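Right, one structure below, let's go through it.
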């Protein structure tokens with residue numbers, strides 16, 4: 001059992017490292033980092049979020065989220081708006097420019113991923129599909145425990 005856990009952990013770590021490297025390479029052209037896109041992604045549903053909420057969701061300290069948001073505001077990807085419930089609270093909202101950036105970046109990531117998948121044969125693509133379905137099933141079980 002211990003060997004299985006260790007092997008599973010190693011595979012997940014390697015997969016995560018490769019995904020992070022791939023995403024970072026794709027995002028490099030924007031001048032933003034992955035955490036900036038995490039913020040934009042959290043706002044893409046059209047909801048306004050407080051800086052505190054974004055900090056918790058993205059596991060970023062409050063001082064760091066402020067710096068990240070400041071850059072996004074400067075680039076006009078997000079804007080600060082006052083909360084109607086509490087004037088002390090500043091909410092963050094995605095701008096049209098931010099939505100366009102999210103859409104463009106998502107399209108770039110999908111196209112790049114498709115190019116990688118095209119290099120695999122049908123059997124490998126089917127294995128990815130089955131593995132993804134199995135992982136989703138396991139995650140559901142983990143979430144219920």
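The values are calculated or read from the model by the stated rules, or taken from the named source; none is laboratory data. From a predicted model like this one, the values you see are computed outputs, not experimental measurements. Counting neighbours? That spans all protein chains shown, and the Cβs are built from the backbone with ideal geometry, glycine included.
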Checklist entry - Which numbered condition trips up residue 42, out of (1) more than 25 Å from residue 132 (Cα to Cα); (2) in contact with a strand residue (DSSP E or B) (Cβ under 7 Å, 6 or more places away or on another chain); (3) crowded, with 16+ Cβ neighbours inside 10 Å? => result (1)
Checklist entry - Right, residue 65: touching a strand residue (DSSP E or B) at 6+ places or on another chain (Cβ under 7 Å), surrounded by 13 or more Cβ atoms within 10 Å (Cβ to Cβ) and either free of Cβ contacts under 8 Å to residues at least 24 places away in the same chain or assigned to a helix (DSSP H, G or I) (or both) or not? => result no
Item to check | Number of positions in segment 36-51 that are in a helix (DSSP H, G or I) and without any contact (Cβ under 8 Å) to a residue 24 or more places away in the chain | outcome: 2
Checklist outcome for this item: Note on segment 128-144: residues more than 25 Å from residue 117 (Cβ to Cβ) and either modelled with pLDDT of 90 or more or not in a helix (DSSP H, G or I) (or both) are 144
Next on the checklist: Can you confirm whether residue 32 is modelled with pLDDT under 95, assigned to a loop (DSSP other than H, G, I, E, B) and closer than 26 Å to residue 116 by Cβ?
Outcome noted: yes
